[in-house]
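Reading through the structure tokens given below for one structure.
The values are calculated or read from the model by the stated rules, or taken from the named source; none is laboratory data. Since the model is a prediction, treat every value here as computed from it, not as a measurement. With ideal geometry, Cβ positions are generated from the backbone for all residues, glycine too; neighbour counts draw on all protein chains shown. Side chains included, ligands, DNA and RNA excluded: accessible areas come from the protein's heavy atoms. Shrake-Rupley method; radii C 1.70, N 1.55, O 1.52, S 1.80 Å.
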Amino acid sequence: MNELALAILLPTAAALLAIAMGPRARLLAAPVAALSLLIAIRIALDVPAELVLGGFAPPLGIRLRADGMAAAFLLMAALSGGAAALFALSWYGDGAERREPYAFWPLFHSANAAVLAMFLLDDLFSLYVALELVTVAGVGLVLLSGTPAALGAATRYLLFALGGSLAYLVGTALVFAAHGTLDIGLLKGALGPTPGMVVAAAAITLGLLVKSALVPFHVWLPPAHSAAPAPASAILSALVVKGSAYLLLRLWFELFPSLGLEGVLLMLGLLGSAGVLWASALAFRQQHLKRLIAYSTVAQLGYLLLALPLAGGSGPAQPWSAGAWSGAMFQALSHGLAKAAMFLSAGAMMRAAATDRIDALDGIGTALPIASFAFALAALSIMGLPPSGGFLAKYLLLTASFASGQWWWAIPLLGGGLLAAAYVFRPVERLMRPRPADQPPLKPVPRAMEIWPMILALLSIALGLLSLPLFELLQIGNPRAAVEGLG
Amino acid sequence: MSLFADPFAPLGAILIAVGLAGLVGGPDLIRRLIGFNVAGSGLFLLFGALSGRMRGEPLPTGPDPVPQAMIITGIVVALAATALGVGLARRLETDERPDE
């Protein structure tokens, strides 16, 4: 069977089997994780690849397509998802038949399947279906604990996501009315700068901004990602919001360049910068660790929008515009790994301290050295310190901004790094303190729970060290606008 | 304006606006879900009306069936999302009044 179809079918089958298997669904986690990694590696080696479903070629049928960008995201999804699944085996360790693990496994695999579908599908309507699937699975993951906070967060998430889907579908309807097809391959370069297409692009962008929790539509993310259990938060931040951000970048670089919207590029860049600075500032003020990490997700996603103005312009910007696009890709990939590592290590710390308040984290550095080290390593990538993948991403964006003469983008790039250092310092400093006698003793945590965040954190550092193969993978089949610039 | 020569497309647009006002305005969850459904209906109406024409001219072989399939898919997806929302609303209601 073609590996593109297998990549999506495997987690879908796992989700259905998990419902049937009940408490024994945990047996599926390790084989599915291993197989999805193998499939992702196979796709990365075979790229570019295409599969026309059912033999019906577009515009009648739909198509799965894997280029370098999709393959890289598939690898990141397999790694983060696999580590989160194996972490969840220890998190729900006793295997007793309870509601939460029974609901977790099908939702986890469904979210995985939907996100992989988003990376591989190639027409706007199937992507809408994948977006909705991601939303439903994501809302389910947030609801797992059943607390009133989780219910409120999930309701807000659902409402924002529904608004986003409506906007996206309005844009899709307008594009179909004008062109009679929704296949991205067939639409490339065909969208002319007519008012109808500008409205369609605006509607689609608005929908995807809401779904990716970019400022000013970010309000739903921190409560939702902090209310979910740790393995669910890991894939919510690493994969679920990444799917719509991936789609936003793909559409802007493949479909919208012919619309001539330079002013909009500046506005989107400003929104991204505002997100980086504002969310980082809010992260600094948080008292709970998971909510701090969730605000950090909002901030890091803002960096992705900076690729749009930096890839645009003409003249001196042109030779460097490949830098901005690659920078955004590295940012998304390394953030996926590092954020999953942070949430998983935060989960281990919460299990030990029975709370996620930052001022209760004293002494965990000695009790859980591996998890604390993983947290700090992942923080390196978030801050953008060498030699991590996050550093490479921010470095590429910085050089693009200086080379194109748009030096002002360096302010959010550097300011975001400084603020990240500030908000990461508070929990890391607490971890190193000795535990005072008046705080309850730390509970033991299985070693397996610490290993998985460590592996992910090491991978996010490795992304910076072994970046050349990844860079070459990303260039396979990359959109022309990534090299020549938008607009 | 030839794209809107029949009344269904502008009506769809008006319904989308009304539904969005409900979704954003609230104030309670059920009203937002109803707003979402009204907007969804308007969207599907818009989609169907626009699909009967191509670049403003009626299609020579009749309306295009592909967008009709997309509309049906969209209705089902909206139904599933609404069901999730209604389930959430029921649970929120039960939590507020645990003794009922």
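Tally the residues that are at pLDDT below 80 and part of a helix (DSSP H, G or I), restricting the search to the range A:436-487. Full working, then the answer.
Quick first cut of the range A:436-487, residues at pLDDT below 80 only: A:477-487.
Cutting the leftovers down to part of a helix (DSSP H, G or I) gives us A:480-484.
So the count comes out to 5.
Assess whether A:P101 counts as being in contact with a Lys or Arg (Cβ under 9 Å, 6 or more places away or on another chain) and closer than 18 Å to A:A20 by Cα. So that I can check it myself, show each step before the final result.
Values: in contact with a Lys or Arg (Cβ under 9 Å, 6 or more places away or on another chain): yes; closer than 18 Å to A:A20 by Cα: yes.
Yes: the conditions hold for A:P101.
Any residue in the range A:138-146 that is over 24 Å from A:G68 (Cβ atoms), among the polar types (S, T, N, Q) and crowded, with 21+ Cβ neighbours inside 10 Å? Give the steps one after another, and end with the answer.
Within the range A:138-146, the subset over 24 Å from A:G68 (Cβ atoms) is A:138-146.
Pick out the ones that are also among the polar types (S, T, N, Q) and you get A:145.
Within this subset, residues satisfying the condition of being crowded, with 21+ Cβ neighbours inside 10 Å are none.
No: the range A:138-146 contains no residue that is over 24 Å from A:G68 (Cβ atoms), among the polar types (S, T, N, Q) and crowded, with 21+ Cβ neighbours inside 10 Å.
Looking at A:S110, A:S90 in this structure, which one is of a type in the set (G, A, S), surrounded by fewer than 22 Cβ atoms within 10 Å (Cβ to Cβ) and closer than 30 Å to A:L144 by Cα?
On the way: A:S110 fails: surrounded by fewer than 22 Cβ atoms within 10 Å (Cβ to Cβ).
Sole residue among the options that is of a type in the set (G, A, S), surrounded by fewer than 22 Cβ atoms within 10 Å (Cβ to Cβ) and closer than 30 Å to A:L144 by Cα: A:S90.
Please enumerate the residues belonging to the range A:179-191 that are of a type outside the set (S, T, N, Q) and touching a helix residue (DSSP H, G or I) at 6+ places or on another chain (Cβ under 7 Å).
Of the range A:179-191, the ones of a type outside the set (S, T, N, Q) are A:179-180, A:182-191.
Listed by number, the residues that qualify are A:H179, A:L182, A:I184, A:L187, A:K188, A:G189, A:A190, A:L191.
Would you mind finding the one in A:L221, A:L182 that is touching a residue at least 12 places away in the same chain (Cβ under 8 Å), touching an Asp or Glu at 6+ places or on another chain (Cβ under 7 Å), buried (at least 19 other Cβ atoms within 10 Å of the Cβ) and more than 16 Å from A:L305 (Cα to Cα)? Spell out how you get there, then give the answer.
On the way: A:L221 fails: touching an Asp or Glu at 6+ places or on another chain (Cβ under 7 Å).
Every option except A:L182 fails the conditions.
Could you list, in sequence order, all residues of the range A:423-446 that are closer than 20 Å to A:A294 by Cβ and surrounded by 14 or more Cβ atoms within 10 Å (Cβ to Cβ)?
A:Y423, A:V424, A:R426, A:P427, A:V428, A:R430, A:L431
Mind telling me which of the residues B:L46, B:L50 ends up being at pLDDT below 95, assigned to a helix (DSSP H, G or I), more than 11 Å from the chain's Cα centre (by Cα) and surrounded by 12 or more Cβ atoms within 10 Å (Cβ to Cβ)?
Numbers: B:L46 fails: more than 11 Å from the chain's Cα centre (by Cα).
Just one listed residue meets the conditions, B:L50.
Listed residues A:I8, A:I43, A:I39, A:I19; which is touching a strand residue (DSSP E or B) at 6+ places or on another chain (Cβ under 6 Å) and assigned to a helix (DSSP H, G or I)?
Numbers: A:I8 fails: touching a strand residue (DSSP E or B) at 6+ places or on another chain (Cβ under 6 Å); A:I39 fails: touching a strand residue (DSSP E or B) at 6+ places or on another chain (Cβ under 6 Å); A:I19 fails: touching a strand residue (DSSP E or B) at 6+ places or on another chain (Cβ under 6 Å).
Answer to the selection: A:I43.
Could you check the range A:159-248 for helices (runs of 4 or more DSSP H) lying wholly inside it with 3 or more residues that are within 15 Å of the chain's Cα centre (by Cα)? Can you show your working first?
Details: elements: A:184-187, A:195-211, A:221-227, A:230-235.
Output list reads A:195-211, A:221-227, A:230-235.
If you go through the range B:18-30, how many residues are open to solvent by 60 Å² or more (accessible area, probe 1.4 Å) and either assigned to a loop (DSSP other than H, G, I, E, B) or more than 11 Å from chain A (Cβ to nearest Cβ) (or both)?
Of the range B:18-30, the ones open to solvent by 60 Å² or more (accessible area, probe 1.4 Å) are B:18, B:20-21, B:24, B:27-28, B:30.
With either assigned to a loop (DSSP other than H, G, I, E, B) or more than 11 Å from chain A (Cβ to nearest Cβ) (or both) added as a condition, the list becomes B:18, B:21, B:27-28, B:30.
Looking only at that region, the number is 5.
To keep it simple, each residue is scored yes or no on (1) touching a Leu at 6+ places or on another chain (Cβ under 9 Å); (2) without any contact (Cβ under 8 Å) to a residue 60 or more places away in the chain; (3) open to solvent by less than 10 Å² (accessible area, probe 1.4 Å).
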{"residue": "A:A228", "(1), (2), (3)": "yes, no, yes"}
{"residue": "A:L247", "(1), (2), (3)": "yes, no, yes"}
{"residue": "A:G263", "(1), (2), (3)": "no, yes, no"}
{"residue": "A:F284", "(1), (2), (3)": "yes, no, no"}
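Among the residues in the range B:61-72, are any at pLDDT 90 or above, within 13 Å of A:L166 (Cβ to Cβ) and within 11 Å of chain A (Cβ to nearest Cβ)?
No.
If the requirement is being within 30 Å of A:S80 (Cα to Cα), among the small types (G, A, S) and either touching a helix residue (DSSP H, G or I) at 6+ places or on another chain (Cβ under 7 Å) or more than 10 Å from chain B (Cβ to nearest Cβ) (or both), which of these qualifies: A:G146, A:G163, A:G171, A:G196?
The match here is A:G163.
Could you check, for the range A:171-179, whether at least one of its residues is at pLDDT 90 or above and of a type in the set (G, A, S)?
yes
Going by the structure shown, is A:G196 without any contact (Cβ under 8 Å) to a residue 40 or more places away in the chain, surrounded by fewer than 18 Cβ atoms within 10 Å (Cβ to Cβ) and farther than 21 Å from B:R32 by Cα?
When the stated conditions are applied, A:G196 passes them.
With the requirement that a residue be crowded, with 21+ Cβ neighbours inside 10 Å, among the small types (G, A, S) and more than 7 Å from every other protein chain (Cβ to nearest Cβ), what does the range A:151-160 give you?
A:A153
Do we find a residue being among the aliphatic types (A, V, I, L, M) and more than 23 Å from B:A21 (Cβ to Cβ) anywhere in the range A:153-169?
So the first thing to find is which residues in the range A:153-169 are among the aliphatic types (A, V, I, L, M), and the list is A:153-154, A:158-159, A:161-162, A:166-167, A:169.
Now drop any that are not more than 23 Å from B:A21 (Cβ to Cβ), which leaves A:153-154.
Taking every residue of the range A:153-169 in turn, at least one turns out to be among the aliphatic types (A, V, I, L, M) and more than 23 Å from B:A21 (Cβ to Cβ).
Can you find a residue that is closer than 22 Å to A:W452 by Cα, open to solvent by 30 Å² or more (accessible area, probe 1.4 Å) and in contact (Cβ under 8 Å) with a residue 12 or more places away in the chain anywhere in the range A:64-74?
No, the range A:64-74 has no match at all.
Assuming A:W452 fulfils every condition listed in (1) over 19 Å from the mean Cα position of the chain (by Cα); (2) aromatic (F, W, Y); (3) crowded, with 17+ Cβ neighbours inside 10 Å apart from one, which condition is it?
Status for A:W452: all satisfied but (1).
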